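Peer 1: Structure below; questions to follow.
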Amino acid sequence: METSIKSLIRSSDEILHVLEVYNLPNTLNDGTTSTASSGRGLDIDATLDDPVNKRILAIVTHKDEESDWEEGSVFIFQESANKLGINQVIPIYADFTIDMAQIRRESQDLQPPSPTTSNQHRSGT
């Protein structure tokens, strides 16, 4: 995979990290997905098996040897017809932060808790 990424960036760039991630469809308030035509929730296994949802994240840096200046970017790649292409590039600045969430595969129920269960207080019994 790194060989494919290297073919898309400058030879002077360095790949620091590569991560395979999945773009999950947005979940609506009722637990259904915005792309689902049925009233059922998101099927995680089907989503992860669908190559359309797969993305490759790569942290790439470039150092200017003359000025000793280093800059970096998060590259988001997507495969299409067995070819890797750049989907998006996000520059990294001094105050750059990234937030991610991970869903356990066992917990396939992505529906939000019902208002009655989320407002109940737990008793010590």
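Peer 1: Which of the residues spanning region 42-101 are among the polar types (S, T, N, Q), touching a helix residue (DSSP H, G or I) at 6+ places or on another chain (Cβ under 9 Å) and within 17 Å of Glu2 (Cβ to Cβ)?
Peer 2: If the condition is that a residue be among the polar types (S, T, N, Q), touching a helix residue (DSSP H, G or I) at 6+ places or on another chain (Cβ under 9 Å) and within 17 Å of Glu2 (Cβ to Cβ), then Gln78 is the only one that fits.
Peer 1: Return the total of residues in region 1-17 being touching a residue at least 24 places away in the same chain (Cβ under 8 Å), of a type outside the set (S, T, N, Q) and farther than 14 Å from Leu57 by Cβ.
Peer 2: 3
Peer 1: So which residues in region 90-104 are surrounded by 12 or more Cβ atoms within 10 Å (Cβ to Cβ) and more than 12 Å from the chain's Cα centre (by Cα), if there are any at all? Working first, answer last.
Peer 2: First, the residues of region 90-104 that are surrounded by 12 or more Cβ atoms within 10 Å (Cβ to Cβ): 90, 92, 103.
If the condition is that a residue be surrounded by 12 or more Cβ atoms within 10 Å (Cβ to Cβ) and more than 12 Å from the chain's Cα centre (by Cα), then Ile90, Ile92 are the ones that fit.
Peer 1: Given the condition modelled with pLDDT under 75 and of a type in the set (Asp, Glu), answer yes or no: does some residue in region 94-106 qualify?
Peer 2: Yes: region 94-106 contains one or more residues that are modelled with pLDDT under 75 and of a type in the set (Asp, Glu).
Peer 1: So, one more: Tell me which residues, restricted to region 8-24, are loosely packed, with under 10 Cβ neighbours inside 10 Å and either of a type in the set (Phe, Trp, Tyr) or out of contact with any strand residue (DSSP E or B) (no Cβ under 8 Å at 6 or more places or on another chain) (or both).
Peer 2: Ser11
Peer 1: Additional query: Being loosely packed, with under 10 Cβ neighbours inside 10 Å, charged (D, E, K, R), at pLDDT below 90 and out of contact with any Phe, Trp or Tyr (no Cβ under 9 Å at 6 or more places or on another chain) is true for just one of Asp68, Asp64. Which residue is that? If you could, list the steps in order and put the result at the bottom.
Peer 2: Numbers: Asp64 fails: loosely packed, with under 10 Cβ neighbours inside 10 Å.
It is Asp68.
Peer 1: Determine whether Ile59 is at pLDDT 90 or above, within 16 Å of Gln78 (Cα to Cα) and not in a strand (DSSP E or B).
Peer 2: Details: at pLDDT 90 or above: yes; within 16 Å of Gln78 (Cα to Cα): yes; not in a strand (DSSP E or B): no.
The answer is no for Ile59.
Peer 1: Right, here's the next one. If you go through region 34-53 one residue at a time, do you hit one that is touching a Leu at 6+ places or on another chain (Cβ under 6 Å) and at pLDDT 75 or above?
Peer 2: no
Peer 1: Just to be sure, is Thr117 surrounded by fewer than 11 Cβ atoms within 10 Å (Cβ to Cβ), on the phi < 0 side of the Ramachandran plot and at pLDDT below 85?
Peer 2: Numbers: surrounded by fewer than 11 Cβ atoms within 10 Å (Cβ to Cβ): yes; on the phi < 0 side of the Ramachandran plot: yes; at pLDDT below 85: yes.
Yes.
The values are calculated or read from the model by the stated rules, or taken from the named source; none is laboratory data. This is a predicted model, so every value here is computed, not measured. Please note: Cβ atoms are built from the backbone with ideal geometry, for glycine as well, and neighbour counts cover all protein chains shown.
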